[in-house]
Amino acid sequence: MSKDDSGQKKLNQLAFEAQSCQQQGQAMQQQISSLQSTSFEARATIETLKNIQNVKNKKVLLPIGSGVLVNSEVEKADKILIEVGSGIMVEKHVPDAISVLEERLKKIDETRARLQDALMQVSDKLRAIDKDAKEIMAKMDEK
């Protein structure tokens, strides 16, 4: 096997690694985007709960998602239903529900931060692959 064949083989291997890294990076970016949406929704829900707990016998515009609001009348908003997983709902006092949502939000933000760190590592690996490929091509061009 000549040095050109060896160089070409290494370039092919680097190209495969780069493609794999790009796919990983795209998947991570999608996950980060999804987590950002979930984080935004949780923050909006917390804000709504903070505002609604002080409302008694008043009409409100209640956000139900996707930018849709519904006219509603709140008699008493000291307890709400919150999903705790697998479609199971439990009744909680508003401050307790806010605490649950804030804990979820903390976990979402931690996960997003870990994914962003991992994405940076993938980006660093792609840069290293690019550098290696350029060095191999330069050596091949010298011949």
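Conditions tested, residue by residue: (1) farther than 16 Å from V100 by Cβ; (2) under 28 Å from the mean Cα position of the chain (by Cα); (3) modelled with pLDDT under 90.
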position: A27; (1), (2), (3): yes, yes, no
position: Q30; (1), (2), (3): yes, yes, no
position: K79; (1), (2), (3): no, no, yes
position: G85; (1), (2), (3): no, yes, yes
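Which residue out of I80, I98, I52, I32 is in contact (Cβ under 8 Å) with a residue 60 or more places away in the chain and surrounded by 11 or more Cβ atoms within 10 Å (Cβ to Cβ)? Please lay out each step first, then the result.
Working: I80 fails: in contact (Cβ under 8 Å) with a residue 60 or more places away in the chain; I98 fails: in contact (Cβ under 8 Å) with a residue 60 or more places away in the chain; I52 fails: in contact (Cβ under 8 Å) with a residue 60 or more places away in the chain.
Of I80, I98, I52, I32, the one residue that is in contact (Cβ under 8 Å) with a residue 60 or more places away in the chain and surrounded by 11 or more Cβ atoms within 10 Å (Cβ to Cβ) is I32.
In segment 11-27, the residues that are touching a residue at least 60 places away in the same chain (Cβ under 8 Å) and charged (D, E, K, R) reach residues that are surrounded by 13 or more Cβ atoms within 10 Å (Cβ to Cβ) and in a helix (DSSP H, G or I) with C-beta atoms within less than 6 angstrom, at least six apart or across chains, in these pairs: E17/I129.
Looking at segment 103-131, which of the residues that are in contact (Cβ under 8 Å) with a residue 60 or more places away in the chain and of a type outside the set (A, V, I, L, M, F, W, C) is nearest to G85 (Cα to Cα)?
Residues of segment 103-131 in contact (Cβ under 8 Å) with a residue 60 or more places away in the chain: 104-105, 108-109, 111-112, 115-116, 118-119, 122-123, 125-126, 129-130.
Narrowing further to those that are of a type outside the set (A, V, I, L, M, F, W, C): 104, 109, 111-112, 116, 123, 125, 130.
On the way: R104: 12, D109: 19, T111: 18, R112: 20, Q116: 26, S123: 35, K125: 37, D130: 44 Å.
If we take residues in segment 103-131 being in contact (Cβ under 8 Å) with a residue 60 or more places away in the chain and of a type outside the set (A, V, I, L, M, F, W, C), then R104 is nearest to G85 (Cα to Cα).
Considered as a group, the residues in segment 65-77 that are surrounded by 10 or more Cβ atoms within 10 Å (Cβ to Cβ) and among the aliphatic types (A, V, I, L, M) include one that is nearest to A44 (Cα to Cα), and that residue is L69. A44 passes every criterion in (1) among the small types (G, A, S); (2) part of a strand (DSSP E or B); (3) under 19 Å from L105 (Cβ atoms) apart from (2).
The values are calculated or read from the model by the stated rules, or taken from the named source; none is laboratory data. Owing to the predicted nature of the structure, the values given are computational and were not obtained by experimental measurement. Positions of Cβ are backbone-derived with ideal geometry, glycine not excepted, and every protein chain shown enters the neighbour counts.
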